[in-house]
Amino acid sequence: MKKACDHSYQHPHTDDQTAHGGCDCGSSCCGDSTVAKLADTPGLVPGKRSNALPGFTLGKINYTSALSKQSFELAQVPQITSLANQLQKSQFRLRGLDCADCAAKLEKRVQALPGVAEVRVNFGAAKMTVSHSVDLAVILDTVKAAGYQAELDSQPKATVFRVSGMDCADCAAKLEKKLLALPGVAEAKINFGAGKLTVKHSASVESILKAIEAAGYQGQLANEVRKQPQRNFFGDSKLLLTAISGILVAGGFVLSYLNLPEYLVTTIYLAAILSGGFYTAKSGWYSLKSLSLDMNFLMMVAVIGAAAIGEWAEGATVVFLFALGN
């Protein structure tokens, strides 16, 4: 025979975290009645039990009046605060999730672990966030046992790079896209005018620098950039080659009216194309290698086409103007 609930006990007031006691009737009537009373009390938000934090954790609000009507004893639970302080929040990247139902089942399985307070699985982003006091290895083993792969996703950090060699805004957009495809890169933003790249990442800085180099540009940590002395005209190879290209284009144009041999004029235009198009061709080649075609590659195609039909003057002029614009 079940013991009847004794609701005649009066209990002390408290404003701190508490647990309820005094219910020894062996049934759920006490708990259900208590929860119902608390739910009707202004200023209280219903909570839930936790595997990591047994008992009730309630805010510092005077709720004695609600419990006193049910005659339950309020007992201080000072260890709850220390247990809460032991919780840590970890984020994991998941692989192998095929459906939202799979994510829900995995969430339920991890939630059942002792020492796990809360689990949230984002199926779309393939990420899982866990509040826990249990060891990380236990969570990883549980995910593996469920048939999936998980790895700890460290908090992304922001790093600023200096990038040189970009000729146009389209080049910057292509580089952003390439970096975003890297594992461990959450965000990449390029200020083309300032030549600055800001990356939020958990991947290594070295892998980002290698990706920038593979795209045909030069990258360096912004805080490691040393102030360079002012370079003169002859120290700037890009500017120097552009100037040489312009002089050769003008020379070829003049010589074409002096009845000189055609091959001589063609040679001058070819030299103008090679000098003015060196950096354009270099960037175009890198864009072709990375399968991310840009304006540099299109310019290469246009110049080759002009040369193929014998329009050397037009090809040289286009190369010079493009190099001058960059």
| task | Scan segment 312-323 and report the pairs whose first residue is more than 14 Å from THR242 (Cα to Cα) and whose second residue is hydrophobic (A, V, I, L, M, F, W, C) and surrounded by 21 or more Cβ atoms within 10 Å (Cβ to Cβ), with Cβ atoms within less than 7 Å and a gap of 6+ or a chain change. | result | GLY315/ILE273; GLY315/VAL303
| field | Subset of segment 265-305 that is in contact (Cβ under 8 Å) with a residue 24 or more places away in the chain and outside any helix (DSSP H, G or I) - its residue that is nearest to GLY315 (Cα to Cα) | value | GLY277
| message | Criterion first (among the acidic types (Asp, Glu), within 29 Å of PHE92 (Cα to Cα) and in a helix (DSSP H, G or I)) does GLU176 satisfy it? | response | yes
| message | Would you confirm whether or not segment 249-260 contains a residue that is in contact with a Lys or Arg (Cβ under 9 Å, 6 or more places away or on another chain) and under 22 Å from MET300 (Cβ atoms)? | response | no
| Failed item, numbered, when TYR257 is tested on (1) more than 47 Å from the chain's Cα centre (by Cα); (2) modelled with pLDDT of 90 or more | (2)
| Out of all the residues in segment 284-302, is one or more buried (at least 21 other Cβ atoms within 10 Å of the Cβ), over 35 Å from the mean Cα position of the chain (by Cα) and either in the same structural domain as LEU241 (by TED's automatic domain parsing) or more than 24 Å from LEU180 (Cα to Cα) (or both)? | no
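Table: residues versus (1) more than 17 Å from the chain's Cα centre (by Cα); (2) under 30 Å from CYS99 (Cα atoms); (3) not assigned by TED's automatic domain parsing to the domain that holds LEU321.
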position: ASP135; (1), (2), (3): yes, yes, yes
position: VAL143; (1), (2), (3): yes, yes, yes
position: ARG162; (1), (2), (3): yes, no, yes
position: GLY165; (1), (2), (3): yes, no, yes
position: LEU180; (1), (2), (3): no, yes, yes
position: LYS196; (1), (2), (3): yes, no, yes
position: SER204; (1), (2), (3): no, no, yes
position: SER207; (1), (2), (3): no, no, yes
| message | Would you confirm, using the coordinates I've provided, whether ILE247 is surrounded by fewer than 21 Cβ atoms within 10 Å (Cβ to Cβ), farther than 23 Å from GLY216 by Cα and not hydroxyl-bearing (Ser, Thr, Tyr)? | response | yes
| message | Report every pair of residues separated by at least 6 positions or lying on different chains whose Cβ atoms are under 6 Å apart, first residue within segment 241-262 and assigned by TED's automatic domain parsing to the domain that holds ILE273 and over 17 Å from GLY277 (Cβ atoms), second surrounded by 16 or more Cβ atoms within 10 Å (Cβ to Cβ) and modelled with pLDDT under 90. | response | LEU255/VAL265; SER256/VAL265
| Enumeration of residues in segment 209-237 that are charged (D, E, K, R), farther than 21 Å from PRO183 by Cα and modelled with pLDDT of 80 or more | none
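The values are calculated or read from the model by the stated rules, or taken from the named source; none is laboratory data. On a predicted model such as this, the values are computed, not experimentally measured, just so you know. Counting neighbours? That spans all protein chains shown, and the Cβs are built from the backbone with ideal geometry, glycine included.
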